[in-house]
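The structure appears below as structure tokens.
Since every read-out is calculated from the coordinates, none of them should be taken as a lab result. Being a predicted model, the structure only gives us computed values, none of them experimental. Note that we place each Cβ from the backbone using ideal geometry, even for glycine, and neighbour counts take in every protein chain shown.
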Amino acid sequence: MRKHVAGAVALACLAVSLYGASSRPLHVVATISTLASFVRAVGGDAVVVDTLVPIGSSPEDYQPAPTDIIRLHDADVLVKNGVNLEIWLDRTIENASNAHLRVVVLSDGLPVKNANPHLWMDPEFARAYVRKIRDALCDADPAHCTTYARNAAAYDRRLLALEREVRERIATIPTRQRTMIVFHNAWQYYNDRFGIRTLGILELSPGQEPNPRRVSDLVALAEREHVHAIFSEPEYSPKLMRALAESAGIAGVDNLYDDSLSQDARAKDYVAMIRYDTNVIVRSLGGRP
């Protein structure tokens, strides 16, 4: 009888142990807040999500902190973009010494243009990112795969609706006015998807200020093509952008988001960010409110 009781207690302890292990949320680290938004949408309550690059910072010149090493050491899955967006990341992963870390590169297999890493700005490519995140979470945590698949399917429907909405909004801009000069080229995939021409780029490489000749050429281009605005993001200094805008007599817009979400509720997640950016672009280029 005692053997049966002891066996039952052992099985009960094992069940509690297994239940506790399976109920622990999956720890996922995303390099930037836009990617973290995708992970939260797919993972829901079954995941805990950390972000390496803080909101409001640029991933292209980010300097990792010691806390990033701790986050990666404790993580189950790392979600990165690739295409050299996170050139600082390999050393951080190495220092974290996490042999069990699963690394997901969201841009793998997608049609990269001109070594531009900002594929997520096209909602169609964002859908591909979400599918990769779903598969990665299922691989790491099969017990919640049904949840991940259901969440991903629901989010995919939101992204399809978002793409239709953006297309309708951009269509209100007069065709000749669908042109942008940008501080750095985070908008190539968005613009290609929705029929906007990227006429000029102020900063060709991260952290490399343009020479006076380039600024002069962009001023001439803006005047010749009747460009309505030059666009930048809050994480970059507005000085150069405003100087170009004033010289060309056009609007300077410094409140678009792409690499980073915002603390502002209007751009708090990916869908909100794209909707907010679209409204800013449409208003700046003469579309209907």
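Counting pairs on different chains as well as pairs 8 or more places apart, how many Lys pairs in the chain have Cα atoms under 29 Å apart?
Step by step, the pairs that qualify in the chain add up to 8.
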Checklist line | Directionally averaged shadow of the chain, computed from the convex hull of its alpha-carbon atoms, nm² | finding: 17.6 nm²
Checklist line | Cβ-based net charge around ARG275, under 9 Å, with every Lys or Arg adding one and every Asp or Glu removing one | finding: 0
Notebook entry, point to check: In degrees, nearest 10, range 0 to 90: what is the angle between the Cα axis of helix 123-140 and the longest Cα principal axis of the chain?
Noted result: 20 degrees
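Compute and list, largest first, the equivalent-ellipsoid semi-axes of the stretch 21-166 from the alpha carbon gyration tensor, each √(5λ) rounded to a whole angstrom.
Equivalent ellipsoid semi-axes, largest first: 23, 21, 12 Å.
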Next item on the list: Please give the peptides 256-266, 137-147 ranked by average Cβ packing (other Cβ atoms within 10 Å per residue), highest first, as a rough proxy for protection.
Entry: 256-266, 137-147
Note to self: Roughly how far apart, in whole Å, are the Cα centres of the stretch 32-104 and the stretch 106-177?
What the structure shows: 19 Å
Check: Around ARG102, which amide H atoms from residues at least 5 apart in sequence, or from another chain, sit under 5 Å from its own amide H, with H modelled in the peptide plane?
Finding: VAL77, LEU78
Notebook entry, point to check: Hey, in the GNM for the chain with a 10 angstrom Cα cutoff, which one of ASP156, ASP45, ASP122 fluctuates hardest?
Noted result: ASP45
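Dipole of the stretch 209-270, Cα-centred, from +1 at each Lys and Arg C-beta and -1 at each Asp and Glu C-beta, to the nearest 20 debye?
200 debye
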Checklist line | Mean residue ellipticity (222 nm) of the chain, computed from DSSP H runs ≥ 4 via -39,500 (n - 2.57), nearest 500 | finding: -15500 deg cm²/dmol
Next item on the list: Grab the other residues whose beta carbon is less than 11 angstrom from that of PRO25, score K and R as +1, D and E as -1, and report the net.
Entry: -2
Check: So what is the relative contact order of the chain, in percent, for Cα pairs below 8 Å that sit 6 or more residues apart?
Finding: 17 percent
Note to self: Can you give me the distance in nm between label points at ALA243 and ASN84, each placed 7 Å from the Cα along the Cα-to-Cβ direction?
What the structure shows: 2.6 nm
Check: Which net charge results for the neighbourhood of ASN116, defined as the other residues with beta-carbon distances under 14 angstrom from its beta-carbon, given Lys and Arg at +1 and Asp and Glu at -1?
Finding: -4
